[in-house]
Amino acid sequence: MQFKDLGLDNRLLKNLNHFAFKEATDIQQQAIPVAIVGKDLMASSKTGSGKTLAFVLPMLHKALKTKSFSARDPRAVILAPTRELAKQVYGELRGMLGGLSYTATLIVGGENFNDQVKALRKHPKFIVATPGRLADHLEHRSFFIDTLDTLILDEADRMLDLGFAPELRKINSLAKHRRRQTLMFSATMDHAEVNSIASEMLKDPKRISIGLSNEEHKDITQSFYLCDHLDHKEAILNRVISEADYRQVIIFTATRADTERLTKELAEKSLKAVALSGNLTQTQRNTIMSQFERGVFKILVTTDIASRGLDIANVTHVINFDMPKHMEEYVHRVGRTGRAGNKGTAISLVGPKDWESFKRVETFLQQDIVFSELEGLKGKFKGIKPRKPAFKKGDNSQKKQRPQAKKTNKKPVKHDKTFYKNVAVGDAVFVPKKKVVKSEPPASDE
Ligand code: ADP
Ligand code: MG
């Protein structure tokens, strides 16, 4: 189905045309007609399937076709879990604003607060934000959202994982117009807290779920390698990188410190790598992301701050140097490649410390994963056997009945070790080992 068949405003069709977007993706085909008529929506579809436009287009269409509840205040707020993702969504929104007389602004942490206050005082119609900084501005009364007509939560489950529930509740209670529409989007929604916050924030939502989040992503080839220890992981990483025909790679590590250590090691091998982690300043984060997007660096080493939503066309490979703790993050991390119909490769290194996380991923993907091996780099680690379940006190039903050993009156036979002393066996003469007596100085009282 084409965008022009979805009933979108002509001005939006023109902007879509500018980007050569003609055919709507599945999620766009299903979500846009529902969102256009003002219904609340909880939608999920695989990574890279075009969810951003699935909420940006109906939001803009509604703004073009209906009168706003207030002349001054913003019409819509889009919330995203990370600054990088908010920035990207803002970019995509800007792309669709061409030829329209609307203004939009980006409100994320790490940027100058007063500059943002100034921007908000200009009454932008659309705001893309991270929840923490937006809540700060609401507290500061930099702007008001009482008359907001659309609230959108991108990657809602991640916002909850990051502990943004209080901010989301606050924003929800302040955006109190009774005709407010709320849309939630993510590739993973099977999260208990998501349902509870959705029941607070959404009114009788339509649920759209295209494919299951654990369904195989046909465009992404996934492989797993067993690793003994850190050095082994690094050896496998180096081999994989040297053999891969990659354009750009994202490597995920468990900690911020690891991003820096690994980047240094890659740089020593003359690989163009850069580390992105949460302890950098916002200016540094912005510079690194824009350099990576422009291809200045071929390899980005990062933590889960880059696992969600980021859309960088040239990322052909994702490497999990460490497995993610939450299995949803596995889906999102590997989803940084294989986007919009392109092919991608995901490689995961599984050491003893990653085993539990790996098993969760294996269960989630509902596949018996076969490990790949590299010639000359086979390790010893073969996984950890599950522990036997502990017995419950008082529960005798599962207790294995050990066969009772028969008691006999036989005395244990004593073997005389001196028996073979100096007896020739073949050519050799067996001499029992003498006990080694430590040559300690004799005690003074002896
Ligand atoms: P998701 O949020 O589902 O992970 P995105 O919204 O980031 O996916 O979109 C992934 C990529 O697909 C982006 O580069 C986007 O510009 C592109 N895209 C979106 N919709 C279409 C479409 N209808 N046709 C072609 N490309 C599209
Ligand atoms: Mg997205």
**Q.** Two-site FRET efficiency, Thr221 against Arg387, from Cβ-Cβ distance with R₀ of 45 Å, rounded to 0.05
**A.** 0.85
Q: Please give the contour-minus-distance gain from Thr255 to Thr283: 0.36 nm per residue of separation, less the Cα-Cα distance, rounded to one decimal in nm.
A: 8.0 nm
Q.
I need to check one value: relative contact order of the chain, counting alpha carbon pairs closer than 8 Å and at least 6 residues apart, in percent.
A. 15
Q) Over the Cα atoms of the chain, what is the Rg over Rh ratio if Rh follows Kirkwood? A) 1.19
Q) Once every DSSP H run of n ≥ 4 in the chain is given -39500 (n - 2.57) and the sum is divided by its residues, what mean residue ellipticity at 222 nm do you get, rounded to the nearest 500 deg cm²/dmol? A) -10000 deg cm²/dmol
Q) Of Lys233/Lys382; Lys39/Lys176; Lys269/Lys325, which sit over 19 Å apart, Cα to Cα? A) Lys269/Lys325
(Q) With +1 on the Cβ of every Lys and Arg and -1 on the Cβ of every Asp and Glu, and nothing else charged, how large is the dipole of the chain about its Cα centre, in debye rounded to the nearest 20? (A) 1340
Q | Separation of the Ala192 and Lys4 label points, Cα + 7 Å toward Cβ, nm | A | 5.1
Q: Mind putting a number on the dipole of region 30-158 about its Cα centre? Charges go on the C-beta only, +1 for Lys and Arg and -1 for Asp and Glu, and I need it in Debye to the nearest 20.
A: 420
Q: Could I have the simple spin-label model distance between Gln366 and Leu100, label points 7 Å from Cα toward Cβ, reported in nm to one decimal?
A: 3.9
(Q) Whole-Hz ³J(HN,Hα) for each residue in region 40-51, computed from phi via Karplus 6.51 cos²θ - 1.76 cosθ + 1.60 with θ = phi - 60°, x for glycine and proline: what do you get? (A) 6, 8, 10, 10, 9, 7, 4, 4, x, 9, x, 5
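Computed from the coordinates by the stated procedures, all read-outs in this text should not be read as laboratory data. As the structure is a prediction and not an experimental result, all values here were calculated from the model. No Cβ is skipped: glycine too gets one built from the backbone with ideal geometry, and neighbour counts run over all protein chains shown.
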